[in-house]
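The values are calculated or read from the model by the stated rules, or taken from the named source; none is laboratory data. The structure presented is a predicted model; accordingly, all values stated were derived computationally and were not measured. Counting neighbours? That spans all protein chains shown, and the Cβs are built from the backbone with ideal geometry, glycine included.
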Amino acid sequence: MIFTRSIRWRLQAWHAVLLMAVIAGFGITAHRLASINRLRLVDQELQGDVAKLGIAVPPAQSTETARRPPPRPGASVTDQIMASGAHFIVWDGNGAVQASSTNLPAGLLKPERDGMGEANFMFTFGDVRQAVHFTGTGRCFLVGRAINHELAELRQLAWYLALAGGAVLTLGLLGGWWIASRMIQPIAVISETAEKIATGDLSQRIPTATSEDELSKLANVLNSTFSRLDAAFTQQACFTADAAHELRTPVAAVLMNAQDGLATEPLTTEQRESFEACLRAAQRMKRLIDTLLELARLDAGQEPMKREPLDLAEVASDCLDLVQALAEARNITLDLHLDPAPCHGDAQRIGQVVTNLLTNAIEHTRDRITITTHRKNSLVTLTITDNGPGISPQHLPHLFDRFYRADAARSRGTQHNGLGLAISKTIAEAHGGRLQAMNGEEGGASFSLTVEIS
C-alpha cells in the first residue's frame, strides 16, 4: 500500500503510537493514584472505627470494667459504626463472637493471622473493604463496609480520563498531521521538480528557502547537479548538431565521387564493387547524420509541432501505402482494424512515427501484422502488433534509448543506428502523448501510440 511507503504516514503512525503510549501511561498512572488515595481514606476511616470499637467493647470479665467511665449520652459507638453503613464483629481470644453488628455480610469468617502479637491489615472481599486488628491476647476486631460508591467514582474517573485522552489524541494527531505536512512540503516540491526534469525539462530548479536547514542544503546541492546536467546535455546537443553539420560536406563529397566513379566507363568488376561499397557506406552515413540533426533540432525545440485536426486512422492508412510493397515482398499480411480516431497534431510528424513503427514490425514479424485504432474517452490509440519472437524483458526498459539495440532475435541481420524508436518517442511526447512497447500474451511485440483528442 501507498500508506506504508509515505514518509508522512509513517511519521504520523510513529507519532500516534508515541502519543497513545504517553496518554495511556498518564491515564493509568492518574487512575491508579486516585484509586490508592481513595482507598487510603476508606482505610483511615475503618481503622478509626477499629480503634473506637476497641474502647467500646472491652475484654470479657475485665477488672477495668468497673473503672470505665459511664457512657456518654447519645448514640453508642457501635450504633455510630452501623449508622455509617459499616459492619463489625469482635472475636475473643478463644474465637468466640463477643460482639457484632446486625448488618454482617453472609459467609464472613474470622481472619487468620501469621505469628503472635498485635497485627493490623486491610483486605478487600468482593466490593467490601475490611480492616482487621489482632491484639496481643488474641482478640480480633473486624470493621468493614461496602465501597460501591468509591468504585463507581473510580469507574467514572476512568471514563473521564479515556474521553480526555481521546480528545488529546485527536488534537495531537491533527497537529502532528499539520506539522508533518509542513515538514514534508519541501520534499514534495523537490520530488515534483525532479519529475519534471526527468521528463526532459532541464530548466526546472528547486526553490530554496532563506533558512539554512538540511532540506535547503539538499535543494542547493540538487540544483547544482541539475545545472551541471543541463550544461552537459546542452553541450552534447551542440556537439551532436555541430558534428553532424561538419560531416555533411565530406559525406556529400564521398557520395558524389562514388556516383561519378560508378558512371565512369570502363570499370573492372573489382573497381565497381569498391565504388558500390563506398556509395552504400556514404548513404548509410548520410542517413545517420540526417537523423542526428533531426534529434538535435527536436531536443532544442527547433521543430515545432503543428496542432491541426487529423484522423489517426487516416494517417495510418497513408503510411500503410508506403510500406505495402515492403510487406508484400516479405509475404507479410497486414490485418487492419482502423476505427475513426480524430485528434489534433502534426500529421507529417505522427506519420513519421507510424511509418517507423510499421517498418520495425515488418522487419521483426513472421508473417502477420495487426494494426488497430480506437478512441476511448479523451484519448485515441494506434496499436501495431506483430507475431515475431517478441522483446526480451531485459530490453523493454531500454527500447527507446538512443543507439540502443535489442537482442539478435529481433535484428534479422539488418543494420540500424538505434535512433528510429528514440525519435518516435520524442515526437509522441512533443504531442503530449506517449509511445509504449510490450510483449503480447500470445507472443510477438506490440507498440501503442496514444494521443489526446484535443
Might you check whether a residue that is within 25 Å of the chain's Cα centre (by Cα), more than 28 Å from M285 (Cα to Cα), surrounded by 11 or more Cβ atoms within 10 Å (Cβ to Cβ) and without any contact (Cβ under 8 Å) to a residue 60 or more places away in the chain occurs anywhere in the stretch 224-245? no
Cβ-Cβ under 7 Å, sequence separation 6+ or interchain: first residue in the stretch 252-274 and under 12 Å from K286 (Cβ atoms), partner of a type in the set (A, V, I, L, M, F, W, C) and surrounded by 13 or more Cβ atoms within 10 Å (Cβ to Cβ). Which pairs? V254/C278; V254/A282; L255/L279; L255/A282; A258/F275; A258/C278; A258/L279; A258/A282
Here is a check on your reading of the model: is R139 touching a helix residue (DSSP H, G or I) at 6+ places or on another chain (Cβ under 8 Å) and either farther than 19 Å from S100 by Cβ or surrounded by 15 or more Cβ atoms within 10 Å (Cβ to Cβ) (or both)? no
Quick one: which of V57, V77, V97, V42 is more than 26 Å from G138 (Cβ to Cβ) and either among the aliphatic types (A, V, I, L, M) or at pLDDT 90 or above (or both)? V42
Tally time: how many residues in the stretch 260-297 are part of a helix (DSSP H, G or I) and more than 19 Å from A237 (Cα to Cα)? 20
Tally time: how many residues in the stretch 92-103 are out of contact with any Lys or Arg (no Cβ under 9 Å at 6 or more places or on another chain) and part of a loop (DSSP other than H, G, I, E, B)? 5
Residues that are in contact with a Gly (Cβ under 6 Å, 6 or more places away or on another chain) and either assigned to a helix (DSSP H, G or I) or closer than 16 Å to E452 by Cα (or both), drawn from the stretch 335-366: N356, H364
Flag for E314 being of a type in the set (D, E, K, R) and in contact with a Pro (Cβ under 9 Å, 6 or more places away or on another chain): yes
Going by what's in this entry, would L310 be described as over 28 Å from L298 (Cβ atoms) and part of a strand (DSSP E or B)? no
Check T78, T124, T137 and return the single one that is in contact with a Ser or Thr (Cβ under 8 Å, 6 or more places away or on another chain) and of a type in the set (S, T, Y). T78
Please tell me if R248 is of a type outside the set (S, T, N, Q) and either in contact with a Leu (Cβ under 9 Å, 6 or more places away or on another chain) or closer than 30 Å to A428 by Cβ (or both). yes
Tell me, please, whether a residue that is within 43 Å of the chain's Cα centre (by Cα), over 29 Å from L247 (Cα atoms) and surrounded by fewer than 16 Cβ atoms within 10 Å (Cβ to Cβ) can be found in the stretch 268-285. no
If you scan the stretch 74-116, which residues turn out to be touching a Phe, Trp or Tyr at 6+ places or on another chain (Cβ under 7 Å) and either over 21 Å from Q44 (Cβ atoms) or loosely packed, with under 12 Cβ neighbours inside 10 Å (or both)? V97, Q98, S100, K110, R113
Please work out which residue is nearest to I423 (Cα to Cα), limiting yourself to the stretch 316-360 and to residues that are among the aliphatic types (A, V, I, L, M) and in contact with a Cys (Cβ under 8 Å, 6 or more places away or on another chain). V354
Looking only at the stretch 368-385, and only at residues there that are crowded, with 18+ Cβ neighbours inside 10 Å and without any contact (Cβ under 8 Å) to a residue 60 or more places away in the chain, the one that is nearest to S454 (Cα to Cα): T372
